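See below for the structure under consideration.
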Amino acid sequence: MNFRRLLFVPLLVMTLLTSVLAGVAVAVDIGEPVEYDLTFPVDGPHYFSDTFWAGRSHGFHEGQDIMADKMVPIVAVSDGVVRLVNWTSRQSMNPDRCCSLVLRHDDGWESWYIHLNNDTPGTDDGQGWGIVEGITPGTRVTAGQHIAWVGDSGNAENVAPQLHYELHDPSGTIVNPYRALVAAGGNDVGTGDRDPLVGGARVLALGVVGYDVRVLQQILTNLGYSVGTIDGRFGASTEAAVKAFQSAFGITPDGRVGRTTKTALAGLSFSDPTGDILSVGSTGPRVVELQDLLKEKGYDAGPSDGVFGPSTLAAVIAFQKAERLWVDGLVGSATLRALGAAPAVSDPGDDASDPGDGSSDDSSDDGSDDASDDTTNDVVETLRLGSRGPAVEELQALLASKGYRPGPSDGVFGTKTRTAVVAFQTDEGLTSDGLVGPATMKALGDAPVSGGDSTASTDILSTGSRGVQVVVLQDRLSDEGYKVGPHDGVFGPLTHAAVIAFQRNKNLVPDGKVGPRTRGALGIL
Ligand SMILES: [Zn+2]
């Protein structure tokens, strides 16, 4: 047997996970990525990407889908014995030679082959064979031996033909064979491993067991929450930790880890290689400065010790929520600017004049002290139906850039513009009165559009955006069946095209920009 636990360290889980797991003999978790020597199961043109725990109409995917044409040969991945054909070991019960096959390898592992052909070649008649004649329960086969054909049986009837391939360890645990398939020479058109937490679509909650739960537990532990034993089992302690995390983060504390909570966790686990963005675990004088600034604003960031720990995190999150910033617990240029600090990196939207002099008395109106770097702040009059002029034109452009439909940017505040304003206000939790005063203007102007200067502080994702949010976007689009290219966190032409296609299908403005509407349709933050 040649198998090893894969301690790969993706986006989320920094080296702490490795140090905790190393040297501890634990059972393999459901969905755990493994390396395992095998012969690639499809012997012909094919492609695949990591689809373990992708969302499916009936639950979550626990295997890898290898796409290939009907009647492309399928082979044994290992020496072994056919245990089941068509889900039975009784030859009298599977006369159709169709649909599924379980191969027990000589080392006790098993391969499950599903969606085998059931059609007469060239038809979709459901009358054909998917298993090679003579391959029956009990048949001994050798690695590479032709045993079946690709098809579209079962719930693949209405989608493209494919082999659904599962790898089970000797205890029966379904592991993620993605790496094994890549190592076997498979044609991977994805991006590499999906993030084990964010990449999976399933919701983690009380009772759920798996590798993704283990990753979740490790991240929460790193953040200072107590989850009990890190064992890949979502029990009461883990639930309590999740609820505490959600409360601190302004997420409904339901103890269920869906996309919103996963995204928040991903943001927190983010580590910026340049060091420009401060996050949990950051240390040094810039953290001291951050802690002092938070304290000046009335937030309890704990002692100004230069260590970005849970207290500092809670203060940052509270500040971001209050300031209507992107709530991610990451301190990039947008948050620093809002705090009145000079950003660590030169920022195209920023200028040299520091608005910090307003920090002592700006609680009632912090929009007035930084007019120099915000083009929207020269608007003083409330804009309403019937208003005209360049301020309306800018309002319209801002609304359009966020995915709303205010009509042409003609500087005339008509009914379309009003409808768009009301929609924006509703989405933002503002009073939906269609009147554009300082609060609405601030909400419109607060969010940096695109840019790519900070990894997780953009409200609208578009070409050039980078970071964790883009990975989440790419994963979601991929789950929905759109081709986004590598899930690399870089919003490039393929992602742009996928967003436009998605928007078209959802009757959204197909502008390739991911604002509140598109996020909502995708079910992401
Ligand atoms: Zn499948």
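The values are calculated or read from the model by the stated rules, or taken from the named source; none is laboratory data. Bear in mind that the values here come from a model prediction, so they are computed numbers and not experimental data. Backbone-built Cβ (ideal geometry, glycine too); neighbour counts: all protein chains shown.
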Does R337 satisfy the criteria of being among the basic types (K, R), within 23 Å of the chain's Cα centre (by Cα) and modelled with pLDDT of 50 or more?
no
Of all residues in the stretch 74-83 being in contact with a Lys or Arg (Cβ under 9 Å, 6 or more places away or on another chain) and among the aliphatic types (A, V, I, L, M), which is nearest to the ligand (Cβ to nearest atom)?
V82
Conditions (1) within 27 Å of G485 (Cβ to Cβ); (2) without any contact (Cβ under 8 Å) to a residue 40 or more places away in the chain; (3) outside any loop (DSSP other than H, G, I, E, B) -> D212 fails only (2)
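Has the stretch 118-139 got at least one residue that is touching a residue at least 60 places away in the same chain (Cβ under 8 Å) and outside the structural domain of Y482 (by TED's automatic domain parsing)? Steps first, please.
Within the stretch 118-139, the subset touching a residue at least 60 places away in the same chain (Cβ under 8 Å) is none.
Among the residues of the stretch 118-139, not one is touching a residue at least 60 places away in the same chain (Cβ under 8 Å) and outside the structural domain of Y482 (by TED's automatic domain parsing), which makes the answer no.
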Please indicate, with yes or no, whether at least one residue in the stretch 36-46 is at pLDDT 95 or above, within 14 Å of the ligand (Cβ to nearest atom), crowded, with 21+ Cβ neighbours inside 10 Å and outside any strand (DSSP E or B).
yes
Inside the stretch 161-194, can you point out the residues that are in a strand (DSSP E or B), within 27 Å of G485 (Cβ to Cβ) and out of contact with any Pro (no Cβ under 7 Å at 6 or more places or on another chain)?
Q162, H164, E166, V175, D188
Between L167, L204, L197, which is surrounded by 24 or more Cβ atoms within 10 Å (Cβ to Cβ), within 30 Å of I114 (Cα to Cα) and assigned by TED's automatic domain parsing to the domain that holds Y113?
L167
Please go through the stretch 74-87 and give me each residue that is farther than 25 Å from N158 by Cβ, among the β-branched types (V, I, T) and not in a loop (DSSP other than H, G, I, E, B), ordered by number.
V75, V81, V82
Meets criteria (among the hydrophobic types (A, V, I, L, M, F, W, C), in a loop (DSSP other than H, G, I, E, B) and in contact with a Leu (Cβ under 6 Å, 6 or more places away or on another chain)) for L197
yes
Of all residues in the stretch 478-516, which are closer than 17 Å to K402 by Cα, at pLDDT 80 or above and assigned to a helix (DSSP H, G or I)?
H496, V499, I500, F502, Q503, R504
Of those in the stretch 53-73 that are more than 10 Å from the ligand (Cβ to nearest atom) and touching a helix residue (DSSP H, G or I) at 6+ places or on another chain (Cβ under 9 Å), the residue nearest to V159 (Cα to Cα) is S57
Does any residue of the stretch 247-255 turn out to be in a helix (DSSP H, G or I), out of contact with any strand residue (DSSP E or B) (no Cβ under 8 Å at 6 or more places or on another chain) and more than 26 Å from R324 (Cβ to Cβ)?
no
Return the residue satisfying two criteria in turn: it lies in the stretch 167-179 and is within 16 Å of the ligand (Cβ to nearest atom) and in contact (Cβ under 8 Å) with a residue 60 or more places away in the chain, and of such residues it is nearest to P33 (Cα to Cα).
N176
The residue from V288, V327, V331, V316 that alone is at pLDDT 85 or above and under 30 Å from R202 (Cβ atoms) is V316
Are any of the residues in the stretch 231-243 touching a residue at least 12 places away in the same chain (Cβ under 8 Å), away from the ligand (no atom under 16 Å from the Cβ), in a strand (DSSP E or B) and under 30 Å from V484 (Cα atoms)?
no
Is it the case, given these coordinates, that D50 is in a loop (DSSP other than H, G, I, E, B), at pLDDT below 95 and either under 19 Å from the mean Cα position of the chain (by Cα) or within 16 Å of the ligand (Cβ to nearest atom) (or both)?
yes
Which residues, counting only those in the stretch 114-166, are in contact with a Leu (Cβ under 8 Å, 6 or more places away or on another chain) and either over 17 Å from A68 (Cα atoms) or away from the ligand (no atom under 16 Å from the Cβ) (or both)?
I131, I135, P137, V141, A143, I147, W149
Selection status of A352, at pLDDT 50 or above and either outside any loop (DSSP other than H, G, I, E, B) or aliphatic (A, V, I, L, M) (or both):
no
Filter result (in a loop (DSSP other than H, G, I, E, B) and either within 16 Å of the ligand (Cβ to nearest atom) or not assigned by TED's automatic domain parsing to the domain that holds V42 (or both)) within the stretch 88-113
C99
